[in-house]
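Working notes, beginning with the structure itself.
The values are calculated or read from the model by the stated rules, or taken from the named source; none is laboratory data. Note that the coordinates shown come from a computational prediction; the quantities given were computed from them, not determined experimentally. Heads up, the Cβs are rebuilt from the backbone with ideal geometry, glycines too, and the neighbour counts pull from every protein chain shown.
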Amino acid sequence: MDIGPHINKFIEDTDQHDFRESSIERYSTILDMVLQGLPLGEMLHALVLLIEAQKIGTRASVLLL
């Protein structure tokens, strides 16, 4: 899947962030992606990365029906 340049920037920014920031701040990034009209795949990938980053060893996935 081509996740585009937006998610690559998001991943770089998230790696540098301190994950002790509040959940509201982390998930507001996803909402910003929605407002920008980014593709669903990029938004879901970013959401999974945020969930996995909350605790070491966590694995997340999205099932679309």
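At-a-glance table
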| item | result |
| --- | --- |
| Hits in the range 44-65 (condition: of a type in the set (A, V, I, L, M) and either closer than 14 Å to residue 29 by Cβ or not in a loop (DSSP other than H, G, I, E, B) (or both)) | 44, 46, 47, 48, 49, 50, 51, 53 |
| Condition met for residue 64 (at pLDDT 80 or above, surrounded by fewer than 12 Cβ atoms within 10 Å (Cβ to Cβ) and hydrophobic (A, V, I, L, M, F, W, C)) | yes |
